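One structure is given below, encoded as structure tokens.
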């Protein structure tokens, strides 16, 4: 009997590789928030902190936030009105409740429609997902703030929040 | 007939702006100098030494977590800095980040924000010119 070992091994390797890529893509599908694609939004919202995915908050939250950039979590992040308007448009049209944002809809589920939370890190679902992170880790010098997603989610810039 | 001549002529015309126009940073420094002189007739030019002091001194006049420019930009002008939210900031030294001061509006935007955060007020044209002069030589 002559078993063709090499083609078999090759086939197995190809299969393993595809499985790896596929599982990665699936994990991405479940914890993927499309990152900001607009260069202007990336520049203006991503200089001080990660340019948070617009699908992480509902449209009303983005509108409220963009309406008070002078008091942006303790910083004055004022922009020229035309720039601010363009950014608001982008955030609103890609917001969690803009339709088709699977992960964003989950993250913001159960929110009181009358409330417009400004902090992603105060969404009930966010709090639940991070309940096992101990306090000392949040205070670690490489983390320091809950807004520092990339400290733990190495691929956050690209939209992946799996690990 | 005209073709052999047209090519070098066109090339010369295209290169002309490069030779004549100052960089956006030079233009901005000239505008700050004019504004500084308008406010103080005794103004005698920018000083990298004053710029260095401005950059490194702890003022603690603005926000508590940013007493100095170096709070975020770091002690080394040629090294990267870090924002409180963990974003890396490109080095402030022009030699380390050559394209850094090419957009005057962007420079103004950050002066406004950062001076308020560190000094609790906007910077004067002289301070801005001093600081940029220091960074241009770094």
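Values quoted throughout were computed directly from the atomic coordinates according to the rules given, and no laboratory measurement underlies them. Being a predicted model, the structure only gives us computed values, none of them experimental. Reconstructed Cβ throughout: ideal geometry from the backbone, glycine too, with neighbour counts over all protein chains shown.
Worth a mention:
- For the stretch B:36-64, taking the residues that are within 14 Å of chain A (Cβ to nearest Cβ) and in contact with a helix residue (DSSP H, G or I) (Cβ under 7 Å, 6 or more places away or on another chain), the one that is surrounded by the most Cβ atoms within 10 Å (Cβ to Cβ) is identified as B:62.
- Of the residues screened, residue A:139 is not one that is surrounded by 15 or more Cβ atoms within 10 Å (Cβ to Cβ) and under 26 Å from residue B:88 (Cβ atoms).
- Taking each residue of the stretch B:104-119 that is more than 9 Å from chain A (Cβ to nearest Cβ) and looking for partners that are surrounded by fewer than 18 Cβ atoms within 10 Å (Cβ to Cβ) and part of a helix (DSSP H, G or I) with beta-carbon atoms closer than 6 Å, six or more apart or interchain, yields B:104/B:24.
- For the stretch B:88-98, the criterion of being more than 22 Å from residue A:49 (Cβ to Cβ) and surrounded by 18 or more Cβ atoms within 10 Å (Cβ to Cβ) is met by at least one residue.
- Screening the stretch A:57-163 for helices (runs of 4 or more DSSP H) wholly inside it with 3 or more residues that are closer than 29 Å to residue B:118 by Cα returns the ranges A:59-66, A:81-93, A:135-139.
- Residue tally, condition within 14 Å of chain B (Cβ to nearest Cβ) and either under 20 Å from residue A:41 (Cβ atoms) or in contact with a helix residue (DSSP H, G or I) (Cβ under 7 Å, 6 or more places away or on another chain) (or both), over the stretch A:122-152: 7
Here is a yes/no grid of residues against (1) farther than 30 Å from residue A:71 by Cα; (2) free of Cβ contacts under 8 Å to residues at least 24 places away in the same chain:
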| site | (1), (2) |
| --- | --- |
| B:25 | yes, no |
| B:29 | yes, no |
| B:47 | yes, no |
| B:58 | no, yes |
| B:68 | no, no |
| B:81 | no, yes |
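- Search result, residues across the stretch A:57-77 that are at the interface with chain B (Cβ under 9 Å from one of its Cβ atoms) and surrounded by 15 or more Cβ atoms within 10 Å (Cβ to Cβ): A:75, A:77
- Considering only residues in the stretch A:31-56 that are free of Cβ contacts under 8 Å to residues at least 40 places away in the same chain and part of a helix (DSSP H, G or I), the one that is surrounded by the fewest Cβ atoms within 10 Å (Cβ to Cβ) turns out to be A:39.
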